[in-house]
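Below is one structure, written out as structure tokens, with a few remarks after it.
The values are calculated or read from the model by the stated rules, or taken from the named source; none is laboratory data. Remember, predicted model here, so these are calculated numbers, not experimental data. Positions of Cβ are generated from backbone atoms using ideal geometry, with glycine treated the same way; all protein chains shown enter the neighbour counts.
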Ligand SMILES: Cc1cc2nc3c(=O)[nH]c(=O)nc-3n(C[C@H](O)[C@H](O)[C@H](O)COP(=O)(O)OP(=O)(O)OC[C@H]3O[C@@H](n4cnc5c(N)ncnc54)[C@H](O)[C@@H]3O)c2cc1C
């Protein structure tokens, strides 16, 4: 029978970052099991690649304060590009309530050490981007070290480094069962046979609840479809632009290749494993796009290039990280609620520390444990995109 000290289920960006951090900490026996023939076919390959530290809760800010500098120095550390582009995130407020929210977040972010965030006035935003319809913009929040990464490249970088330093990756291998004995986790059943191990990490993205179930754990993670629309080449808006968020509708966009990538979270979307792109979404998003950026009336889009993927949502929009209560050796890294790419480096560090030392300095990991849901300790993040 095959054996491994630590088995990671799922080879997306989270499993890859954990594999990297474990091998970088000296683990020689890490096995990643991925059911697809190639990595990145889950949420990671569908992501918009946005990274930001402009959050409202300390734990999310802390995770970004580790992750964004990590992405900035990725190539030096790992020898592979992350595609980090520090073009910023610009939140545009259209009400006093929005502005109060951004100001409160700003105060927290600065107190926690974020130096590059500021609150531009409405006039400054008008000057930065005269193409925006700004009659209702009352101000905003901008952080220049926020920006974008290439999620696929970062995932491959993490995993290549891990594999070069002793980790094994089994692709095309489905985990079908988790075995336990009186000590806790004892092994796995897979489509390529059994694996004996005492430590399993659930990194199965939107499918994490099914994997958790194999160990008898109920995971409050629900898949929620998100759709993205890339445009054809477009030169009537600057390509140096940040991610721009219209807080009146939630419409947001960023430069991508010679065009732009458009996103809007339809409030009527319902949970479920839906990964088909709905062509009716194009009109909905273009209406919001042209409302905020009048020149976007001239955008051309090819519906065949648009796509859909799954967010892994938790009830409080924070991930579930750390040991699963009652199952010694079973660890969770799930439920990123739209932030899994930007928080992958921090998640790798947190899980590696918890697995290897039982504690973690980066964040108060007890805040993110599964038991918060049964103990009434949810931590609401209001700055969800
Ligand atoms: C449209 C869209 C836009 C997004 N934009 C952003 C963004 O701008 N910024 C950001 O930070 N995040 C964003 N996200 C969220 C981010 O993509 C995810 O949080 C992140 O990719 C989760 O990574 P993961 O490794 O946990 O999951 P995944 O990438 O889904 O990987 C899980 C892997 O587990 C494998 N697996 C599942 N079950 C089994 C099994 N039984 N056996 C073996 N393998 C199994 C799957 O095949 C899959 O490869 C976006 C998501 C979507 C859909």
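Name the single residue that is nearest to residue 227 (Cα to Cα) among those in the range 14-41 being in a strand (DSSP E or B) and touching a helix residue (DSSP H, G or I) at 6+ places or on another chain (Cβ under 6 Å).
Step one: filter the range 14-41 for residues in a strand (DSSP E or B), giving 30-33.
Keeping just the survivors that are touching a helix residue (DSSP H, G or I) at 6+ places or on another chain (Cβ under 6 Å) gives 30, 32.
Working: 30: 34, 32: 29 Å.
Within the range 14-41, the match that is nearest to residue 227 (Cα to Cα) is 32.
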Could you tell me how many of the residues in the range 42-94 are outside any strand (DSSP E or B) and closer than 17 Å to residue 17 by Cβ? 30
Condition test on residue 279, is it farther than 30 Å from residue 173 by Cβ and more than 13 Å from the ligand (Cβ to nearest atom)? yes
Modelled with pLDDT of 95 or more, within 11 Å of the ligand (Cβ to nearest atom) and under 23 Å from the mean Cα position of the chain (by Cα): is that true of residue 219 in this structure? no
Being modelled with pLDDT of 95 or more, closer than 30 Å to residue 53 by Cα and over 18 Å from the mean Cα position of the chain (by Cα) narrows it down to one residue among 138, 149, 169, 175; which is it? 138
Of the residues that make up the range 239-249, is at least one closer than 18 Å to residue 150 by Cβ, within 11 Å of the ligand (Cβ to nearest atom) and either touching a strand residue (DSSP E or B) at 6+ places or on another chain (Cβ under 7 Å) or not assigned by TED's automatic domain parsing to the domain that holds residue 93 (or both)? yes
Conditions: (1) over 18 Å from residue 36 (Cα atoms); (2) without any contact (Cβ under 8 Å) to a residue 60 or more places away in the chain. Residue 219 meets all but one. Number of the miss? (2)
Do we have any residue at all in the range 24-33 that's on the phi < 0 side of the Ramachandran plot, within 11 Å of the ligand (Cβ to nearest atom) and in the same structural domain as residue 170 (by TED's automatic domain parsing)? yes
If I filter the range 367-382 for residues that are under 17 Å from residue 8 (Cα atoms), buried (at least 18 other Cβ atoms within 10 Å of the Cβ) and either at pLDDT 95 or above or within 13 Å of the ligand (Cβ to nearest atom) (or both), do I get at least one hit? no
Kindly establish whether residue 363 is farther than 25 Å from residue 224 by Cα, part of a loop (DSSP other than H, G, I, E, B), touching a residue at least 60 places away in the same chain (Cβ under 8 Å) and touching a strand residue (DSSP E or B) at 6+ places or on another chain (Cβ under 9 Å). yes
Looking at the structure I just gave you, is residue 57 closer than 24 Å to residue 248 by Cβ and more than 15 Å from the ligand (Cβ to nearest atom)? yes
